[in-house]
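A.B. asks: I am attaching a structure below and will ask some questions about it afterwards.
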Amino acid sequence: MPESVLVPAAVGRRSFAAAAATLAALYSGNNLPSALYGLMRGTFGFSALVQTLLYATAVAVIVPALLVSGPLSDLVGRRAPMLFALGAFLIGDVVFALAPGTGWLFVARVAQGLGMGAGAAAAQAMLGDSAGEGPRGQRRAAMTATACVTFGLALGPLAGGLLAQYGPAPRHLSFAVHAVVVLAVAVVVFRTPRPAPAKVRGWRPPRLGVPAAIRRTFVIVAASSFLAWAVLGMFSAVVPSLVGTLLGSANLAVAAAALALMIATSGFVQFGARRLPPTAAQASGLLVLAAGLAVLVLANGAHLPWLVIPAMLGTGAGHGLVFTGALAELGVVTPPEERGSVIGTYYVVSYIGLGGPVIGVGLLAIAHGLPSATVLVAAVIGACCLALAPLVFLEIRRRDRPQ
């Protein structure tokens, strides 16, 4: 086969691998502190509200960073924002490991937020760029992205809990290990061939919005994703503490394993559901998500700790169905030249869901305690899932109706 064919294929594979590794490194690092918040509360003496604010702080930085980096990556290429993101995460790991007080934990979360905002949309877009056009290539990119994101989110707290419980220097070791991973991924990204200059109109000011032709689809995708990521954000911020209370265990690895179970279930479901029509996956995912949240409410109200496992399985399955359907649909309907902007906007909506309800949990915890506040917010999100699911089913019928 001619070299002119082989070289672009090899470059595409290297770019695809670099983008996947970047997503996994970013998301595992973003969720790594979740397993250690209980330990940090004991060390620094902060409240449940501060715990949820620590989680939400990164989201507050991610949203504006995404608005800039998504369109910017369409102009300057994907590699530069990804390298900046990995550098920001390296700083976050170092600050987390060496923090002498609560204020420095917020500094570390700001650095992580900058990294997520700069790198998530660019890495996702690089996957789409290097996977090939058409539904098959974009579905491959979407499945790779969902696997890297969800298994990264699961691995972060699981590794953090295991290292903190059974390794030396419980508050420092996991961040040191992640810093080494980040450095290795940065080398891979740096060695990725520099892309050809982009043929685009030029950088546009940051804006929320999508092309008019796909706006209706985007609204449905965004609403479903907001609820799914709201559940994941709430669980990432408080579930290790909540599970420790329900199970009566102070073992950091056990508490982190509950969160990892929920997120890993999401990842496995995404693989199993890859042949489902995207809109059908979102609709069924909302119903399963509501069922999992109902089981969590029952576990707390009836004091049945064993129900924690089916609650994690149900919410994880629901999140996986919604997420895989959302990304697959966006990958197919979005024009290539708009991919960075649309994906950036999608992540803005998702991250608002990831961080907003968490603050509500923290505020409610002041008066009602963390378990009761978590259950109350879970009930509200579950009700919203049940209200949205019929609208998604109606969209399926509208598309299937002959034109």
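The values are calculated or read from the model by the stated rules, or taken from the named source; none is laboratory data. Just so it is clear, the structure is predicted and the values come from calculations on it, not from any experiment. So basically every Cβ, Gly included, is an ideal-geometry build from the backbone, and we count neighbours across all protein chains shown. In case anyone asks, the SASA skips ligands and DNA or RNA and just uses the protein heavy atoms, side chains included. Shrake-Rupley method; radii C 1.70, N 1.55, O 1.52, S 1.80 Å.
A.B. asks: Check Thr345 against each of (1) out of contact with any helix residue (DSSP H, G or I) (no Cβ under 6 Å at 6 or more places or on another chain); (2) surrounded by fewer than 23 Cβ atoms within 10 Å (Cβ to Cβ); (3) assigned to a helix (DSSP H, G or I) and name the one condition it does not meet.
C.D. replies: So Thr345 meets the others, but not (2).
A.B. asks: Here's a follow-up. So for segment 139-147 (the condition being modelled with pLDDT under 90, open to solvent by 20 Å² or more (accessible area, probe 1.4 Å) and over 20 Å from the mean Cα position of the chain (by Cα)), does at least one residue qualify?
C.D. replies: No - not one qualifying residue is present in segment 139-147.
A.B. asks: Which of the residues that make up segment 283-319 are at pLDDT below 90 and within 18 Å of the chain's Cα centre (by Cα)?
C.D. replies: Met312, the sole residue that qualifies.
A.B. asks: How many of the residues in segment 372-383 are modelled with pLDDT under 85 and either open to solvent by 40 Å² or more (accessible area, probe 1.4 Å) or over 24 Å from Phe226 (Cβ atoms) (or both)?
C.D. replies: 1
A.B. asks: Sticking with this one: If we scan segment 7-19, do we find a residue that is modelled with pLDDT of 85 or more, of a type in the set (D, E, K, R), assigned to a helix (DSSP H, G or I) and open to solvent by 10 Å² or more (accessible area, probe 1.4 Å)? Break it down stepwise before answering.
C.D. replies: Step one: filter segment 7-19 for residues modelled with pLDDT of 85 or more, giving 16-19.
Add one more test, that the residue is of a type in the set (D, E, K, R), and what stays is none.
No: zero hits.
A.B. asks: Considering only residues of segment 33-53 that are hydrophobic (A, V, I, L, M, F, W, C) and open to solvent by 10 Å² or more (accessible area, probe 1.4 Å), which is nearest to Gly167 (Cα to Cα)? Write out each step before concluding.
C.D. replies: Of segment 33-53, the ones hydrophobic (A, V, I, L, M, F, W, C) are 35-36, 39-40, 44, 46, 48-50, 53.
Now narrow it down to the ones that are open to solvent by 10 Å² or more (accessible area, probe 1.4 Å): 39, 44, 46, 48-50, 53.
On the way: Leu39: 14, Phe44: 20, Phe46: 24, Ala48: 26, Leu49: 28, Val50: 26, Leu53: 28 Å.
Result: Leu39.
A.B. asks: What are the pairs with Cβ atoms under 9 angstrom where one residue, in segment 114-130, is at negative phi and open to solvent by less than 10 Å² (accessible area, probe 1.4 Å) and the other, located anywhere, is among the acidic types (Asp, Glu) and assigned to a helix (DSSP H, G or I)? Sequence gap at least six, or different chains.
C.D. replies: Ala125/Asp74
A.B. asks: From the list Leu287, Leu313, pick out the single residue that is under 18 Å from Thr150 (Cβ atoms), open to solvent by 30 Å² or more (accessible area, probe 1.4 Å), part of a helix (DSSP H, G or I) and in contact (Cβ under 8 Å) with a residue 40 or more places away in the chain. Steps first, answer last, please.
C.D. replies: On the way: Leu287 fails: under 18 Å from Thr150 (Cβ atoms).
The conditions single out Leu313.
A.B. asks: Report, by residue number, each residue of segment 385-401 that is assigned to a helix (DSSP H, G or I) and either on the phi > 0 side of the Ramachandran plot or modelled with pLDDT under 65 (or both). Spell out the reasoning first.
C.D. replies: Step one: filter segment 385-401 for residues assigned to a helix (DSSP H, G or I), giving 385-400.
Once the filter is applied, which keeps residues that are assigned to a helix (DSSP H, G or I) and either on the phi > 0 side of the Ramachandran plot or modelled with pLDDT under 65 (or both), segment 385-401 yields Arg399, Asp400.
A.B. asks: Right, Ser266: open to solvent by less than 40 Å² (accessible area, probe 1.4 Å) and either at pLDDT 85 or above or within 16 Å of the chain's Cα centre (by Cα) (or both) or not?
C.D. replies: Details: open to solvent by less than 40 Å² (accessible area, probe 1.4 Å): yes; either at pLDDT 85 or above or within 16 Å of the chain's Cα centre (by Cα) (or both): yes.
Against the criterion (open to solvent by less than 40 Å² (accessible area, probe 1.4 Å) and either at pLDDT 85 or above or within 16 Å of the chain's Cα centre (by Cα) (or both)), Ser266 qualifies.
A.B. asks: For segment 355-369, does any single residue satisfy the condition of being over 27 Å from Thr57 (Cα atoms) and either open to solvent by less than 10 Å² (accessible area, probe 1.4 Å) or part of a helix (DSSP H, G or I) (or both)?
C.D. replies: Pass one, segment 355-369, residues over 27 Å from Thr57 (Cα atoms): none.
The answer is no; no qualifying residue exists.
A.B. asks: Return a yes/no flag: does segment 209-232 have any residue that is at pLDDT below 75, over 19 Å from the mean Cα position of the chain (by Cα) and surrounded by fewer than 18 Cβ atoms within 10 Å (Cβ to Cβ). First the steps, then the outcome.
C.D. replies: Taking segment 209-232 as the starting set, the residues that turn out to be at pLDDT below 75 are 209.
If we keep only those that are over 19 Å from the mean Cα position of the chain (by Cα) too, we end up with 209.
Next, from what is left, pick out any that are surrounded by fewer than 18 Cβ atoms within 10 Å (Cβ to Cβ): 209.
Yes, the conditions are met somewhere in segment 209-232.
A.B. asks: Right, another one. How many residues are in contact with a Gly (Cβ under 7 Å, 6 or more places away or on another chain) and open to solvent by 50 Å² or more (accessible area, probe 1.4 Å) when one looks only at segment 290-310?
C.D. replies: So the first thing to find is which residues in segment 290-310 are in contact with a Gly (Cβ under 7 Å, 6 or more places away or on another chain), and the list is 290-295.
Cutting the leftovers down to open to solvent by 50 Å² or more (accessible area, probe 1.4 Å) gives us 291, 294.
So the answer is 2.
A.B. asks: From Val254, Val188, grab the single residue that is modelled with pLDDT of 90 or more and over 27 Å from Ala326 (Cβ atoms).
C.D. replies: Numbers: Val254 fails: modelled with pLDDT of 90 or more.
The unique qualifying residue is Val188.
A.B. asks: In this structure, is Val322 in contact (Cβ under 8 Å) with a residue 60 or more places away in the chain and surrounded by fewer than 20 Cβ atoms within 10 Å (Cβ to Cβ)?
C.D. replies: Taking the combined requirement at face value, the residue does not satisfy it.
Here is a yes/no grid of residues against (1) buried (at least 21 other Cβ atoms within 10 Å of the Cβ); (2) in contact with a Leu (Cβ under 9 Å, 6 or more places away or on another chain); (3) in a helix (DSSP H, G or I); (4) of a type in the set (A, V, I, L, M):
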position	(1), (2), (3), (4)
Tyr55	yes, yes, yes, no
Leu86	yes, yes, yes, yes
Gly92	yes, yes, yes, no
Pro100	no, no, no, no
Arg109	yes, yes, yes, no
